[in-house]
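Colleague: Starting off with a structure, shown below.
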Amino acid sequence: MNAAQAEPARSPFRLNGRQLVPILILPILLVNAISFLWPTFSLLRMSLNEPVAGGAIRETLTLQTYIDVMTDGFYLELVWNSIYLCSIITIVTLILSYPIALFIHRADPKWRSILTLMVISPLLVSAVVRTYGWVIILGDQGLINAFLMSTGLVERPARLIFNNFGVVVGLIEILMPYMILSLMAGFGRLDPRLEEAAQSLGAKRFTTLRRVTIPLTAPGIALGCLLVFVLSISSFVTPKLLGGGRVFLLATEIYDQSIVLLNWPLAASLSMLVLVIFGAALVVYSRIVKALD
Amino acid sequence: MLATSPVATQAPGAEEGDAHLLLDHLQKSFGDFQAVEDLNVSVRRGELIALLGPSGCGKTTTLRMIAGLSSATSGRILVDGREIQSLPAHDRDMGLVFQSYALFPHMSVERNVAFGLEMRGIARDQLKARVAKALELVQLGHLAQRRPRELSGGQQQRVALARALVIEPSILLLDEPLSNLDAKLRDQMRVEIRDIQQRLGITSVFVTHDQVEALSMCDRIAVMDKGRLAQIGTPQDIYERPATPFVAEFVGRINKLPGQMRDNSTITVAERTFKTTRNVGESGDVTMMIRPHRIEMVKRGTPSDGRNVAHGTIARATYVGDILEYSVELTDGVTLAVETATGGHSRTFSHGDEVELRWSPDDTIVFGAQA
């Protein structure tokens, strides 16, 4: 009441800050509604339809596809396999990226921009091309196998591709730039004085890393992990090419169901499942961030 | 100039026997840049010594070498006669207080203070008792559960001090610990740090660019200039008997006039003659220096009782609360700064007043002119 009275008289066409907010966020709301909410809703609607043999769809409202997915061991394993592989990818990507990000963060400023550019540069090449690059490296006649055979370490080419290993290796390399950039964004709180303070108090190198450096960079770690997990679970090209049809993940299965088998309701319900996994990952992330603060 | 000054050539290592901390021919270079050059300092047990100098003089680099955060290019660092320059920072047993405090933001005050004890594997109950005692020492027992960012600058400063002291280090190192505090708090913390240091009798090295801090807190001051030791001595030594023009100008305000030595105790400055008792073998062109507050300002015609006398006109008078700063123009255009205390007993002058300046030959400092 008092606040309203204290408000100075103003033209009715002038808006104060609070009134301006909805107008300013309207454009992004519109974009989101058209490009995200509407397709998501269509997917949800599609997942409630009933597939008919031959690729036709019968408009109805049934939870039958969901029940099928939940009761079929194949799909449950698919979900489990996806989460499992993507968790491994996330953890290994983190372990490989952390030292690089730390090194760049501590580098001389004139080198830092060059190093950052080097981290980003793989993103200039399409993931498809990079994936074919891995086929060349990991294939039966690839770089690694050729080397192993020439040294006589193995008699027959080692299976490095068209299995989980190939998919994990390829996705790690493709996702590392995202992890490194997220980590670097989270290194703002990392003051070298803090690490020096720890050392002066008697902390050895590894203890300093464990007690000071990692806790201080945890927000960046959480962000990077969320991003890489989400990107890996939704990535399609790399698992498709490096998995060679032998690695079954949610994204590749959705593709097969919708494009090859034309079972759109099933593809849609699997997509909704991916969305649920994203939601869960986001919840875990925000819990962690809140706990860190 | 530095090499010929009597204080700077004080035999290094002479006090090695009773020194708690000894810097012996310490040297640090970054590429071509000599950050610290041939530094010899001996710190006695229980002494608070200041490393004083302008930024870039090598004082912080020196402290970092003592702490083990930066390695010496050459030279030795000894604690109780034992060489430590090759030990890593975590084995040096030094308590370090940073300019930015460097408190761990993800730990409570209590956990910050406990960190050093945990690193030493102190048992839990003993650890708790020692942390509580350290926090009590800096009067922060009631804030133990707070996070550093919830504390004021002065409180953070105290936590940093408690964290450094709780490990009972052999030497306490303070890197500009007061420079982030406001003026009033700084005065208070100055007294507090000195008090705690004396109570614990802990050997301490205090890096500062603030001459007031150095003069008021420390037993001795090592003034550094461009990586070299310019002078080391008690605050009185440094202020009253500066070894070099740099020290004279850096510590406190001082008037600087070019002149010539006539004989060992007489200087001429633009036709005027002054007496000095402070000449150490200089002849020819010299620089005469006088502290502004050692000049007495009187009305003309008062008997001079053997002191140096100069006549001039007040060009500017600035009131700064506790003192009045005058700028006095002598008859031939030379300007002297003069400070007088404000208050009942001293006369105040204003712009255009004709005055007579007097100062003792004992306060007339002389340096060779090449400086």
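Colleague: Hey, any hits in segment A:125-135 for a residue that's within 14 Å of chain B (Cβ to nearest Cβ), surrounded by 14 or more Cβ atoms within 10 Å (Cβ to Cβ) and at pLDDT below 90? Let's see the steps before the verdict.
Modeller: Looking only at segment A:125-135, we keep the residues that are within 14 Å of chain B (Cβ to nearest Cβ), and these are none.
No, there is no match, as no residue in segment A:125-135 is within 14 Å of chain B (Cβ to nearest Cβ), surrounded by 14 or more Cβ atoms within 10 Å (Cβ to Cβ) and at pLDDT below 90.
Colleague: If you scan segment B:219-251, which residues turn out to be touching a helix residue (DSSP H, G or I) at 6+ places or on another chain (Cβ under 6 Å) and either among the hydrophobic types (A, V, I, L, M, F, W, C) or not in a strand (DSSP E or B) (or both)?
Modeller: Within segment B:219-251, B:221, B:223, B:224, B:230, B:235, B:242, B:251 meet the criteria.
Colleague: Go through B:282, B:329 for me and flag whichever is of a type in the set (Asp, Glu) and free of Cβ contacts under 8 Å to residues at least 60 places away in the same chain. Quick ask: steps written out before the conclusion?
Modeller: Numbers: B:282 fails: free of Cβ contacts under 8 Å to residues at least 60 places away in the same chain.
Among B:282, B:329, only B:329 is of a type in the set (Asp, Glu) and free of Cβ contacts under 8 Å to residues at least 60 places away in the same chain.
Let's see how each residue does on (1) touching a residue at least 60 places away in the same chain (Cβ under 8 Å); (2) over 18 Å from residue B:102 (Cα atoms):
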residue	(1), (2)
B:142	no, yes
B:147	no, no
B:163	yes, no
B:172	yes, no
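Colleague: Only residues that are surrounded by 13 or more Cβ atoms within 10 Å (Cβ to Cβ) and under 15 Å from residue B:253 (Cα atoms): list them for segment B:308-327, please.
Modeller: Selection gives B:323, B:324, B:325, B:326, B:327.
Colleague: Based on this model, can you work out whether residue A:267 counts as buried (at least 21 other Cβ atoms within 10 Å of the Cβ), within 14 Å of another protein chain (Cβ to nearest Cβ) and either β-branched (Val, Ile, Thr) or over 16 Å from residue A:96 (Cα atoms) (or both)?
Modeller: On the way: buried (at least 21 other Cβ atoms within 10 Å of the Cβ): yes; within 14 Å of another protein chain (Cβ to nearest Cβ): no; either β-branched (Val, Ile, Thr) or over 16 Å from residue A:96 (Cα atoms) (or both): yes.
Considered against the rule, which asks whether it is buried (at least 21 other Cβ atoms within 10 Å of the Cβ), within 14 Å of another protein chain (Cβ to nearest Cβ) and either β-branched (Val, Ile, Thr) or over 16 Å from residue A:96 (Cα atoms) (or both), residue A:267 comes out as no.
Colleague: For residues in segment B:147-184 being away from every other protein chain (no Cβ under 14 Å) and crowded, with 17+ Cβ neighbours inside 10 Å, which is nearest to the chain's Cα centre (by Cα)?
Modeller: Step by step, filter segment B:147-184, then rank; the result is B:178.
Colleague: Among (1) under 23 Å from residue B:189 (Cβ atoms); (2) more than 10 Å from every other protein chain (Cβ to nearest Cβ); (3) polar (S, T, N, Q); (4) crowded, with 22+ Cβ neighbours inside 10 Å, which single condition is residue B:42 missing?
Modeller: (1)
Colleague: Let me ask something else about it. Answer yes or no as to whether residue A:260 is closer than 26 Å to residue A:161 by Cβ, crowded, with 19+ Cβ neighbours inside 10 Å and out of contact with any Ser or Thr (no Cβ under 9 Å at 6 or more places or on another chain). First the steps, then the outcome.
Modeller: Working: closer than 26 Å to residue A:161 by Cβ: yes; crowded, with 19+ Cβ neighbours inside 10 Å: no; out of contact with any Ser or Thr (no Cβ under 9 Å at 6 or more places or on another chain): yes.
Considered against the rule, which asks whether it is closer than 26 Å to residue A:161 by Cβ, crowded, with 19+ Cβ neighbours inside 10 Å and out of contact with any Ser or Thr (no Cβ under 9 Å at 6 or more places or on another chain), residue A:260 comes out as no.
Colleague: Considering segment B:66-85 alone, what residues qualify as being within 14 Å of chain A (Cβ to nearest Cβ) and either within 10 Å of residue B:23 (Cα to Cα) or charged (D, E, K, R) (or both)?
Modeller: The answer is B:66, and nothing else.
Colleague: Give just the number: which of (1) more than 27 Å from residue A:115 (Cα to Cα); (2) in contact (Cβ under 8 Å) with a residue 60 or more places away in the chain does residue A:156 not satisfy?
Modeller: The failed condition is (2).
Colleague: Wholly within segment A:189-239, which helices (runs of 4 or more DSSP H) include no fewer than the required count, namely at least 1 residues that are away from chain B (no Cβ under 14 Å)?
Modeller: Fully inside segment A:189-239 and qualifying: A:214-234.
Colleague: In this structure, is residue B:146 closer than 30 Å to residue B:41 by Cβ and among the charged types (D, E, K, R)?
Modeller: no
Colleague: Of all residues in segment B:316-371, how many are among the hydroxyl-bearing types (Ser, Thr, Tyr) and assigned to a strand (DSSP E or B)?
Modeller: Summing the residues that are among the hydroxyl-bearing types (Ser, Thr, Tyr) and assigned to a strand (DSSP E or B) in segment B:316-371 gives 6.
Colleague: Go through (1) over 22 Å from the mean Cα position of the chain (by Cα); (2) at pLDDT 90 or above one by one and return the number of the condition residue A:51 breaks.
Modeller: Here residue A:51 meets the rest and fails (2).
Colleague: For residues that are at the interface with another protein chain (Cβ under 8 Å from one of its Cβ atoms) and part of a helix (DSSP H, G or I), scanning just segment B:111-125, find the one that is farthest from the chain's Cα centre (by Cα).
Modeller: Keep residues of segment B:111-125 that are at the interface with another protein chain (Cβ under 8 Å from one of its Cβ atoms), which gives B:115-116, B:119-120.
Within this subset, residues satisfying the condition of being part of a helix (DSSP H, G or I) are B:115-116, B:119.
On the way: B:115: 31, B:116: 29, B:119: 33 Å.
The residue in question is B:119.
Colleague: While we're here: Which residue out of B:98, B:104 is aromatic (Phe, Trp, Tyr) and in contact with a strand residue (DSSP E or B) (Cβ under 7 Å, 6 or more places away or on another chain)?
Modeller: Exactly one residue qualifies, and that residue is B:98.
Colleague: From (1) in contact with a strand residue (DSSP E or B) (Cβ under 6 Å, 6 or more places away or on another chain); (2) more than 22 Å from residue B:268 (Cα to Cα); (3) among the hydrophobic types (A, V, I, L, M, F, W, C), pick out the condition that doesn't hold for residue B:355.
Modeller: Evaluating residue B:355 over (1) in contact with a strand residue (DSSP E or B) (Cβ under 6 Å, 6 or more places away or on another chain); (2) more than 22 Å from residue B:268 (Cα to Cα); (3) among the hydrophobic types (A, V, I, L, M, F, W, C) leaves (2) as the failure.
Colleague: Go through the residues of segment A:177-185 one by one and say whether even a single one is within 14 Å of another protein chain (Cβ to nearest Cβ), out of contact with any Ser or Thr (no Cβ under 8 Å at 6 or more places or on another chain) and either in contact (Cβ under 8 Å) with a residue 24 or more places away in the chain or in a helix (DSSP H, G or I) (or both).
Modeller: No - not one qualifying residue is present in segment A:177-185.
Colleague: Continuing with this model, one more query. Within segment A:142-154, is even one residue part of a helix (DSSP H, G or I) and under 29 Å from the mean Cα position of the chain (by Cα)?
Modeller: Yes, because at least one residue in segment A:142-154 is part of a helix (DSSP H, G or I) and under 29 Å from the mean Cα position of the chain (by Cα).
Colleague: Another question about this same structure. In segment B:126-146, how many are surrounded by fewer than 22 Cβ atoms within 10 Å (Cβ to Cβ), hydrophobic (A, V, I, L, M, F, W, C) and part of a helix (DSSP H, G or I)?
Modeller: Of the residues in segment B:126-146, 5 are surrounded by fewer than 22 Cβ atoms within 10 Å (Cβ to Cβ), hydrophobic (A, V, I, L, M, F, W, C) and part of a helix (DSSP H, G or I).
Colleague: Can you name the residue in segment B:86-110 that is out of contact with any Asp or Glu (no Cβ under 8 Å at 6 or more places or on another chain) and within 7 Å of another protein chain (Cβ to nearest Cβ) and, of all such residues, is surrounded by the fewest Cβ atoms within 10 Å (Cβ to Cβ)?
Modeller: B:105
The values are calculated or read from the model by the stated rules, or taken from the named source; none is laboratory data. Note that the structure is a prediction, hence the values are computed from the model and not measured. Neighbour counts run over all protein chains shown; Cβ positions are idealised from the backbone, glycine included.
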